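S.K.: Before anything else, here's the structure in question.
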There are 2 protein chains.
Amino acid sequence: MRTFKLIIEYDGTDFHGWQIQPRVRTVQGELSRAIHHATCERSTITGAGRTDAGVHAVGQVASFGSGTAMSPAVLQRAVNGWLPRDVRVRSVEEAPSGFSARFDAKSRTYHYIFIRRPTALWRNHYHLVTADLDIRAMRSALGELIGEKDFTTFTTADDRSRTKRCDMKRAELVETPPLLALCLTADHFLHHMVRAIAGTVLEIGRGKPWNMADILAARDFSRAGQTLPPYALYLMSVRY
Amino acid sequence: MRTFKLIIEYDGTDFHGWQIQPRVRTVQGELSRAIHHATCERSTITGAGRTDAGVHAVGQVASFGSGTAMSPAVLQRAVNGWLPRDVRVRSVEEAPSGFSARFDAKSRTYHYIFIRRPTALWRNHYHLVTADLDIRAMRSALGELIGEKDFTTFTTADDRSRTKRCDMKRAELVETPPLLALCLTADHFLHHMVRAIAGTVLEIGRGKPWNMADILAARDFSRAGQTLPPYALYLMSVRY
């Protein structure tokens, strides 16, 4: 049995998220089907991030075991041939036996991307914010998230993570007008965590006199800002 | 009667182009309907560029006459309120009486945008080209297009322009990996002209030993490269 590591891009617009579910279209479901067609084997696909409905990925990582004799390059072409156009396998490589895209991940990077002017072209890909923003206040609030912290404030009761402590390695705002990206890197993320942080930082940018350290210490979801919509969230990359 | 000038962005994916037609969804049709709802008047909308089905616009310009008392800002909000999400009015201003977005235009700028790696996210917005390209040969061929020339080679029999002579002011390739944009500015464009030029320049980039000056001089559509698909073409701006 060989183990393969795949880097995957998808447009989340028409998916009910990553995780396979009966009777709805999911990325894991489409990928399982494509790998089944390509290899004639039923494989269990493991993903690094279980993205929600509507969330996109530029660099999702998946792993699976297979007895196929195909080279990684041939496997990539075969799987892409069976995938719908809104999912692409960007690369395939052979990984050490037992490699898990999920459990071996050291960190994940997500971007939540705001667009600062009304747009028709990118309406399904960026979140519109035309209000004036205090970027310095937003950056200062993000600084409070760095380090190993309890992120209970930014997740909901349905989160099933082993621990609410996450090691936040990077929390930055990157401006490339008309886009403004919130870039977060952590060892793992809780359910809805990026979107709840994005909503909280946005309120601070709009002038709410909130103290991020207090909000975090409260461990209370009602203290967070609104959980922003999924279509502006991207799983950018996973590091091993 | 006042005259208004609108700058419009749209995602061409789900439109049968700009021009109003019975029983199909067009940008001019949606805009006429929205302006009718907003002003309670039937206005004739004139567009600077009659984009084809699937072609996008970042800076299409339209004009219309109206007896409305609304300010440009209020009119913009009202029209946007009636428009579907894939069309946005980016700005409204009052123009001199008799202003025509079409006949007063001095130049139009179109971009045809290639993407150099397979993509799921941007599959409806950029044209995939993974082949190695001779960028220098492409730039040299584009140089032959500059000036007032007869562009009959790059249009089809159904073009109804008054003249096939266009004054090409700019013809450049701009690289911002993974994107490669062909940027053309001319006083006017013939039907399918940008997409036929893009297809010709692409063949030259792939190594065809074609001479752009000869192709242009032939005034023969069969000498042009393939007319590339519409979804990677953008009407960027119009100058008056």
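S.K.: Show me, for region A:55-60, the HN-Hα J-couplings you get by feeding each phi into the Karplus relation (A = 6.51, B = -1.76, C = 1.60, θ = phi - 60°), rounded to Hz, glycine and proline as x.
M.R.: 7, 9, 9, 9, x, 5
S.K.: Per q in 0.07, 0.09, 0.15 Å⁻¹, report the Debye log10 I(q)/I(0) for chain B, using one uniform scatterer on each alpha carbon and no solvent.
M.R.: Reported log10 I(q)/I(0), two decimals: -0.25, -0.40, -1.01.
S.K.: Taking every residue in B:110-123, how many Cβ atoms of other protein chains lie within 10 Å of its Cβ, on average?
M.R.: Mean shielding by partner chains, rounded to a whole number: 4.
S.K.: Give the shape of region B:110-239 as rounded, prolate or oblate, defined through the alpha-carbon gyration tensor: a ≥ b ≥ c are the square roots of its eigenvalues, a/c under 1.5 means rounded, and otherwise the shape is prolate if a/b is larger than b/c and oblate if not.
M.R.: Prolate shape, in that a/c is at least 1.5 and a/b is the bigger ratio.
S.K.: Apply the Debye scattering formula to region B:116-155, with a single equal point scatterer on each alpha-carbon and no solvent, then give log10 I(q)/I(0) at q = 0.24, 0.28, 0.31 Å⁻¹.
M.R.: Reported log10 I(q)/I(0), two decimals: -0.86, -0.91, -0.99.
S.K.: Given only helices, namely DSSP H runs of n ≥ 4 each adding -39500 (n - 2.57), what is the per-residue ellipticity at 222 nm of chain A, to the nearest 500 deg cm²/dmol?
M.R.: Taking each H run of at least 4 residues, the total per residue is -6500 deg cm²/dmol.
S.K.: For a footprinting-style exposure proxy, rank B:Ile197, A:Ile113 by other Cβ within 10 Å, fewest first.
M.R.: A:Ile113, B:Ile197
S.K.: Measuring nothing but label to label, 7 Å from Cα along Cα→Cβ, what are B:Arg25's distances to the other copies in nm, shortest first?
M.R.: Label-point distances to the other copies, shortest first: 1.5 nm.
S.K.: What does the copy distance list look like for A:Asp14, label position 7 Å along Cα→Cβ, in nm and ordered from shortest?
M.R.: 1.2
S.K.: Report the label-to-label distance for B:Glu41 and A:Ala69 in nanometres (one decimal), using points 7 Å from each Cα along the Cα→Cβ vector.
M.R.: 7.6 nm
S.K.: I would also like to ask the following. Loop-only check: which trypsin sites (Lys or Arg not before Pro) in region B:176-223 are DSSP coil with at most 16 other Cβ within 10 angstrom?
M.R.: Passing both the DSSP loop test and the Cβ count: B:Arg206, B:Arg219.
S.K.: Please report, in cubic angstrom per residue, the volume enclosed by the convex hull of the alpha-carbon atoms of the protein assembly as shown.
M.R.: Residue-normalised Cα hull volume stands at 180 Å³.
S.K.: Which value, to two decimals, describes the C-alpha radius of gyration of region B:178-236 once divided by 2.2 N^0.38 Å?
M.R.: With N residues counted in region B:178-236, Rg over 2.2 N^0.38 Å equals 1.13.
S.K.: Report the one residue of B:Gln60, B:Phe151, B:Phe103 whose Cα lies farthest in the direction of the positive end of the charge dipole of region B:49-154 (charges on C-beta: Lys and Arg +1, Asp and Glu -1; origin at the Cα centre).
M.R.: B:Gln60
S.K.: Let me ask something else about it. Could you tally the net charge around A:Ser107, taking each other residue with its Cβ under 10 Å from the Cβ of A:Ser107, Lys/Arg +1 and Asp/Glu -1?
M.R.: The answer is +3.
S.K.: Check cross-link reach from B:Lys149 to the aspartates and glutamates: straight Cα distance under 13 Å, and skip same-chain residues fewer than eight apart.
M.R.: B:Asp167, B:Asp187, B:Asp214
S.K.: On to the next question. In nm, one decimal, shortest first: how far is the label point of B:Asp132 (7 Å from Cα along Cα to beta carbon) from the matching points in the other copies?
M.R.: Relative to the other copies, B:Asp132 has label-point distances of 5.4 nm.
S.K.: Once the convex hull of the alpha carbons of region A:1-82 is built, what does its volume come to per residue, in cubic angstrom?
M.R.: 85 Å³
Since every read-out is calculated from the coordinates, none of them should be taken as a lab result. Quick caveat: nothing in here was measured; it's all calculated off a predicted structure. Cβ atoms come from the backbone with ideal geometry, glycine included; neighbour counts cover every protein chain shown.
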